[in-house]
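Visitor: One structure is given below, represented as structure tokens, and several questions about it will come after.
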Amino acid sequence: STDWAVRSDLHFAQLAANPHTGVSLRPAVFYFTRPIEEIPDEFDKMIQIEQRIPGFVHDAALIGAHGVNPDAGVVDAYSYLAPTIDTDRYLAWLTDAVVKAGAAIVRHRVRGSLADQEDRLRARYDAQVVINCAGLGGGELGDDTTMDPHRGALLRVINDGSTMPQITAAHAVAHDAGTDDQDMIF
């Protein structure tokens with residue numbers, strides 16, 4: 001999935017040049033309670049990011065620069081420019097772009113394995129591709145080994161700086177300090 005993630009990151013970075021897309025680039029800062037070199041999986045991930053993603057910085061000074069409370073116990077950090085997406089604006093822009101390109105948007109309920117029905121659906125709609133936008137309903141379209149829908153938590157705030165300092169970066173730290181596994185929370 002690394003190559004897929006890097007391609008997506010670079011594509012969204014290009015989209016950030018167009019304000020109509022709803023995509024922007026902001027720092028994502030990851031904090032660690034031990035030097036990252038002591039956490040092999042995280043260190044390997046950091047090296048891959050450093051080699052492939054623009055705006056990479058590995059520096060413990062990021063901790064103080066972002067005002068992290070010293071009582072948090074973090075001693076190392078790295079950052080890179082990550083795409084952030086206003087999904088309402090992005091989906092409106094994307095819908096407009098695909099319709100202008102000649103695509104037809106068809107809403108249709110599919111039950112059972114999407115893979116087993118793909119050829120029939122493409123023939124029925126004279127389509128080259130089928131795009132699955134099922135979201136949480138996607139579990140019904142595959143078996144337990146291919147689809148694992150998750151529900152996230154969402155908090156919407158007005159981020160204009162009028163009632164609180166404007167949030168301009170994503171910050172991630174391990175939730176469970178007792179594990180070496182990635183257990184990041186934002």
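Visitor: Would you please give the FRET efficiency between GLU118 and THR87, computed as 1/(1 + (r/R0)^6) with r the Cβ-Cβ distance and R0 = 35 Å, to the nearest 0.05?
Guide: After rounding, the FRET efficiency stands at 0.85.
Visitor: When all protein chains stay in place, what accessible area (Å², nearest 10, 1.4 Å probe) is found for VAL57?
Guide: We get 60 Å² for VAL57.
Visitor: Starting from the residue with the highest accessible area, list GLU42, GLU50 in decreasing order, probe 1.4 Å.
Guide: GLU50, GLU42
Visitor: Just to verify a number: FRET efficiency for ILE167 and LYS45, C-beta to C-beta distance, R0 = 22 Å, to 0.05?
Guide: Working from the Cβ atoms, E equals 0.40.
Visitor: Each label point is 7 Å from the Cα along the Cα-to-Cβ direction; what then is the distance between the points at LEU94 and ARG52, in nm?
Guide: My value for the distance between the label points is 2.0 nm.
Visitor: Continuing with this model, one more query. Explain nothing, just the number: dipole magnitude of the range 36-110 about its Cα centre with +1 on each Lys and Arg Cβ and -1 on each Asp and Glu Cβ, in debye rounded to the nearest 20.
Guide: Using Cβ point charges on Lys, Arg, Asp and Glu, the range 36-110 gives about 860 debye.
Visitor: Heavy atoms of the protein only, probe of 1.4 Å, neighbouring chains included. What is the accessible area of PHE43 in Å², nearest 10?
Guide: Taking all protein chains as shown, PHE43 has close to 60 Å².
Visitor: I want to check the label-to-label distance for ARG34 and VAL75. Put each point 7 Å from Cα in the C-beta direction and report it in nm to one decimal.
Guide: Computed distance between label sites ARG34 and VAL75 equals 1.0 nm.
Visitor: Which residues' amide hydrogens lie under 5 Å from the amide hydrogen of VAL68, considering only partners 5 or more residues apart or on another chain, with H built in the peptide plane?
Guide: none
Visitor: Please name which of PRO54, LEU25, ILE85 has its Cα lying farthest along the dipole of the range 1-127 towards the positive end, using unit charges on Cβ (Lys, Arg +1; Asp, Glu -1) and the Cα centre as origin.
Guide: ILE85
Visitor: State in Å² the accessible area per residue of the range 1-120; use a 1.4 Å probe, count heavy atoms of protein chains only, and round to the nearest integer.
Guide: Each residue of the range 1-120 exposes 64 Å² on average to a 1.4 Å probe.
Visitor: Could you compute Rg(Cα) / (2.2 N^0.38 Å) for the range 1-72, with N its residue count?
Guide: Cα-based Rg divided by the globular estimate yields 1.31.
The values are calculated or read from the model by the stated rules, or taken from the named source; none is laboratory data. Nothing here was measured: the structure is a model prediction, and the numbers come from that model. Every residue, glycine among them, receives a Cβ derived from its backbone with ideal geometry; neighbour counts consider all protein chains shown. We work out accessible area using only protein heavy atoms, side chains counted, and drop any ligands, DNA or RNA first. Shrake-Rupley method; radii C 1.70, N 1.55, O 1.52, S 1.80 Å.
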